[in-house]
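Just below is one structure, and these are the notes that go with it.
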Amino acid sequence: MNADQLLKAQRHKLIMILGRGSVEIFESILDHLLAWDLLSWEEYEHVKSPEVLSHSSRNLLDVVTLKGTRACELFLLALEDTIHTSQLADLILSSYKPPEKSPEPSASLATLPSQSLQQHRPNIVRKLHGHIAAVLEILHSYGHFSKYECDEVQLPIYTPSQQARKLLDLTKAKGEDTAQVLLDYIESEPGPIKPILGNACLKYQEKLSSTLAAQSRFLTNYAGTENMCLEDIYVDCLLEVSNTAAAQNGCLSFLVSLEDIFGPDGILNKDADTVLITGEAGSGKSTSLQQMQQLWATKQAFQDFTFVFAFSCRRFNFIDKPISLQMLLFEHCCWPDDHQSEVFQYLLDHPEEVMFLFDGFDEFKFQFTDEERHCSPSKPSSPLNLIFNLLQGNLMKNTKKVMTSRPNAVTANLRKYLQKEITLKGFSPEGIGKFIRKCHRNSSSAERILCFVEANSALHGLCHVPFFCWIVSKCHEQLMQNVSDFTHTMTDVYLLILEHFLLHLTQNSRGTNEVLLSHVATILHLGKLALDGLNTCCYLFSAVQLQDAEVSEEDISLGFLVCSHSFSHAHNAVSYRNYEFFHITVQCFFAALYITLNDDVAQLTLYSLFKHRQENPSLCIMSAGCYSGWPFNCHLSHEEDKRRNETLLQEAETSNLQITASFVSGLLSSRNRDLMGKTTLFQKQSKKCRLVKKYLAKCIQKHFLSIPPAVGGEKKSMHALPEFVWWIKCIYEMQDSDLAKEAVSKLQVNHLKLTYCGVGPVECTALAYALKHLKSPVGLQLDYNSVGDLGIEQLLPCLDICHSIYLRGNDISDQGVSKLVERALDSCNLQKIALFHNNLTDACAQDFAKLLKHKNNFLALRLGNNHLTAVGAEVLAEGLKQNNSIQYLGLVGNNVDSHGAKALALMLKKNTVLEELCLQENCLVDEDMLHFAEGLQNNTSLKVLKLSNNRISRKGMEFFVNTLKHNVTIESVWLGGNLVTAEEIEEMTRVERRLIF
Ligand code: ADP
C-alpha cells in the first residue's frame, strides 16, 4: 500500500488519531507541512480555522490527498515526527510500506525573510520558547507590532509553542520588513538567554546548565557496572493525564509527551504550580526527570525557564541541620561563583523563570504536612519544611515544580496543592521494542531478543516496566540459554540480575546455584544493610552503616551499591561519600534475600512484612506472639534476646514492604528453594515457606469474610482492597497452584471489583494465575487501571471463569480486542464485555461481529467513548443480525453518522433480542430517524433507545411519534440535548410520554 492509498483507506483512523490528540500536535504537523511547502498559506489558514480538531483534521486530509502520493508521504513523515509512536503503530506498521528512501523534504532556496521563517518554522517555533516577550518588545519598539497585538500573542491560554506560531503568523501578515527584524533576532540570539539577564546571572545560568547537563548525561545508577548515556537509551514512556473537567465530554484521560506536561489539559487546581508524576517503582520516574534536566540543560526544551534546580528527596533525609532557601539552592544544587546576593535576588524577583525538580517524594521519612508555615527566603528551617512550603507556594510562589512519587505517598492533603497529576505507565509494547533495539545496536540480536520476549507472555508483561525491561535486555544471554527454565516472575528477573553481576565478578560460568552459594556471605551483608535501611526509611548509607553491616570493599565492587556524591554540609567542605542501592527495588530484593536466607530471621519479621498495614502497630509490637490477626500459631522464639533483635519493620514504607514481601514469596517458591537451598545451609526455608503460604491463603479469605454478606440469597460482590492485588502477586511469585487454589477457590463471589487499583500487565498475570481457580464464574471489573493490550494477553487464562469483564479506561486498542475476542469465542461463561473509553476503532468491529455471530449466549457489549464510525457500526449491525442473545449494545460517544445509523436501525428488523441500544453523542440527524422508525415497526424486543446529544430536530422526532403508536415494547426513547426548543419538548411529551428529554 502506498501513502495515498493508506491515507484513503485509514482516513477515519487518522482523523481519530489527530482529533483526539492535542491542538499542539496538530499545529506542529502544520509547521512541518508549511516548511516543506506542502501547504500554501491559504490552505494553512483554511485548515487551522475550524474550532473542532476533527474538522480541521478532515480538511487537512482533503488537502493532502488531493496533492498526490508524495504529499501523502510527507504528511506521514510529519505525523511520525510529531505523534507518539504508540498511537501510530497499528496504523503505519501494519499497512504502510514506506518508500525505500524516506522522502526528503525539498526546500527551495529562500530569498525573502518570510520564506526563511517558513522553511525553518518547526525549529523557529522551538527556538522562540522563552523569547516571546523579548522579541515582542523589539517588534513593538520598532513599530511593527501594536501593544494590543503583543498582548494578543502572549495570551496565557496559549502554550509557548502556540505563542510562537501566533507571532510567526502575525509577522507573515505584516510583510518582509517585520519578517527581517524577527529573522535578525533569531540569527543573532545565541540561546535562550533573556536580554534582561545581568552578567552574574548569566554566568550562574551557564554554570547551572553545565552542571545539570553533566549530571543527567549518564544513567548514574549504573556507574558501578557500565556507563549508559541517557540520550542513547531513552525511550518515551506512557504519560497519562486525567481530565476530570472534561469528563462529561467523555475525555477522561489521554497521553501527553514529557515536553507537554505543562499544557492546559488536566489542570485540577489552577492556583497551584506543582505537577506530580506518579508511577510504581521502576516505571521510569527518575529517568523522566533526568530527561527533563537534560533537555533543559542542552537547550532542547523547557527554555521558558532560565534556571532549573534538581533535587533528590532521598538526599534530603541526610541533611541534619536547618537550612535557608538560599542554602538549599546554592549549597545543595549549584554554587554561584560570585555576586550570590544579586543572583538570589534575581531568582526571588523572577520566580516564573525558575523550575524545581524533586525526585522521589515517597522517600521522605515524613508525610507531607502543611501545618508549619515558612515564608522567609533567608530564615533557616528543616529541609523538609522548606520543600513542603515551596510546594504550597508559601515560598517562591509561581515557580514551576515537578515532583515524582510512588502513588502510596500521595495524601489528600498534598493533593490540595497539586496543579495536576500525571501517571507514568511504563513502556508501551512499541516502547519495549524501541528500548531493546536501542540497547542492542546489532539489529539481528535485538530482533532475536525481542522475538524471545514477545513469545514469552509473562516476560513480555514484565517488560512494560522499564526497569524490568532493562534487566531482561541485559541478561538476555542467560535467559535465552536456559529456555526450558522459564522466567515468569519478578523474583526470577531479579535472580537473573543477581547472577549476572556475580558472574561478572567471578568471570566464570558456573551453575546458578553454585554462583549464589559461593557468595552467600556477600548477599547476607548487603541484605542486612538493605533490611536495616528499609526499617528506618534509609536509602543512602554512610561508611559507618556499611561497616555495621560488614559490607566490604569487595562486596561493593559487585555493583549493587553505587557511590552517591552527596551534599557537602557547607559549600566549601569536602563532599561525603555515601552509597545507595542502584534501585530501590534492588534494596528490597536484598532485604528479601536476607529474610529468606538468614535462619536468625524468624516469624515476627515475616509477620511484620505480610501484615495488614492498617492494623495498630503498637498492638503488633506488644503482643505479636498471640495477636489474633496472626492467622497461625506463632511459636515465638524462646530467647528474649532474639525477639528483641527481630526486625519489626514498623517504620518501613508500605510499598517497599510490599515489594519485599513479593520477593520473599518468590524466593520461597519451591523452584527457588531448590536453587538456593541444596545445601543444609538454610534449614528454615521450608518452615518459612509454610508460614507464608498459610498466611497468604488466610489473608485472602479473611478479606473476603470481612465484606458484608450478599442480600437475598445472591452471591457476594467484593470490592477488593489494594492489598488484595498485592497478596495475589505474592501468590503468583510463589508459583504454587495449590496455594492459588486454596486461597481463591472458596471465594463465593459474583462480582470482583478492582477499579483504580493500579493494575498493569504484571498484576494481570498474577490475577489470571489465581482467579482461574475460582469455583464459579465471576464478573471481573478492572475499570480505570493500566491493563493495556499487554495486560489483556495476560488476563486470557482466566477469561473462562469470567461471566463479565469490565475494562473501561484501560488504554486498550484493536490489537488487544482481537486477542480478547479470540479467547472469548471459546469462553462459554463470558457474556458481557465493557470497553468504554479505550482506543478502539472500526478495525475491532470485525472481531465483535464474529463474536456476535458465533456466541449465542452473549448478552452485552459496551463500546462507548471509543472511535468507531459508520464503517464499524455497519459491520457490527451485520453481526447483530445473526445473534440471538444480545440484550445491550452501547455505542455512546462514538463517531457514528447516517450510514451507521441506517445499518443499526435496519438491523432492528432482523434482531429480535436486543433490548437496549445506546447511541448518545454521535452524529445522528433527522433522516436517520426515518430508518429507526422503519426498523422499529415490527420490532418486539427493543425497550430502550438512547439518542441524546445528537443533531435531531422536531422533524426527526415526529417520525418516531408515529411509529411508537404501533410499538408497545419500547419503554423509553432518550432524546435530551438535541435540536428542539422547550415548547417543542413540552408538546411532544404530551403526545408521547415515552420520549424522555
Ligand atoms: P523509578 O524512578 O520509577 O523507580 P527509574 O527512572 O529509576 O524508575 O528507572 C529504572 C531504570 O529503568 C532506569 O535506570 C533505566 O534503566 C530504565 N528506564 C526507565 N525509564 C526509561 C526510559 N524512559 N527510557 C529508557 N530506560 C528507562
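Averaging 1/r over every pair of different alpha carbons in the range 728-803 and inverting the result gives a Kirkwood radius of 12.3 Å.
Annotation for residue 702 and residue 913: the two label points, set 7 Å from Cα along the Cα-Cβ direction, are 4.5 nm apart. Stokes-Einstein diffusion for the range 262-378, with the hydrodynamic radius set to the Kirkwood value over Cα pairs and evaluated at 4 °C in a medium of 1.567 mPa s, equals 80 µm²/s.
With point charges of +1 on the Cβ of Lys and Arg and -1 on the Cβ of Asp and Glu, referenced to the Cα centre of the chain, which listed residue (995, 607, 592) lies farthest in the positive direction of the dipole? Highest projection toward the positive end goes to 607. Computed about its Cα centre, the charge dipole of the chain is approximately 3000 debye, with only Lys, Arg, Asp and Glu carrying charge at their Cβ. Taking max minus min of the alpha-carbon positions on each principal axis, the range 957-997 gives extents of 27, 15, 14 Å, largest first.
Projecting the Cα positions of 439, 843, 556 onto the charge dipole of the chain (unit charges on Cβ atoms of Lys, Arg, Asp and Glu, taken about the Cα centre) puts 843 furthest along the positive direction. Beyond 19 Å, what share of the Cα-Cα pairs of the range 760-915 is found? Please give it as a whole percent. Value for the range 760-915 (Cα pairs over 19 Å): 49 percent.
Its residue count N sets the reference 2.2 N^0.38 Å, and the alpha-carbon radius of gyration of the range 285-340 equals 1.30 times that reference.
The orientation-averaged projected area of the convex hull spanned by the Cα atoms of the range 648-804 comes to 10.3 nm². Sequence-distant contacts, meaning Cα pairs under 8 Å at least 6 residues apart, place the relative contact order of the chain at 6 percent.
Once the mean of 1/r is taken over each pair of separate Cα atoms and inverted, the range 858-997 shows a Kirkwood hydrodynamic radius of 14.6 Å. Among 46, 504, the ranking by other beta carbons within 10 Å of each residue's beta carbon, starting with the fewest, stands as 504, 46. State the Cα centre-to-centre distance between the range 771-795 and the range 12-71 in whole Å. If we compute the Cα centre of each part, the gap is 39 Å. Once the Cβ-Cβ distance of residue 716 and residue 413 is raised to the sixth power relative to R0 = 30 Å, the FRET efficiency obtained is 0.35. Under 10 °C and 1.306 mPa s, how fast does the range 887-948 diffuse according to Stokes-Einstein, given a Kirkwood radius computed over C-alpha pairs? Answer in µm²/s, whole number. The calculation lands on 140 µm²/s. In plain terms, the residue of 993, 954 with the fewest other Cβ atoms within 10 Å comes first and the most crowded comes last, giving 993, 954. This ranking places 808, 951 by how few other beta-carbon atoms lie within 10 Å of each, fewest first, which gives 951, 808.
Legend: Rg and Dmax of the range 345-436, from Cα coordinates, 15.9, 51 Å. Compared with the rule-of-thumb size 2.2 N^0.38 Å for a compact globular protein, the range 398-540 has a Cα radius of gyration ratio of 1.31. Computed log10 I(q)/I(0) for the chain at 0.07, 0.10 Å⁻¹: -0.70, -1.34, from the Debye equation with unit scatterers placed on every C-alpha and solvent omitted.
Taken together, the values in this text are just the output of simple stated rules run on the coordinates, not laboratory data. Everything numeric in this text was worked out from a predicted model, so none of it was measured. Virtual Cβ from ideal backbone geometry, glycine too; neighbours counted across all protein chains shown.
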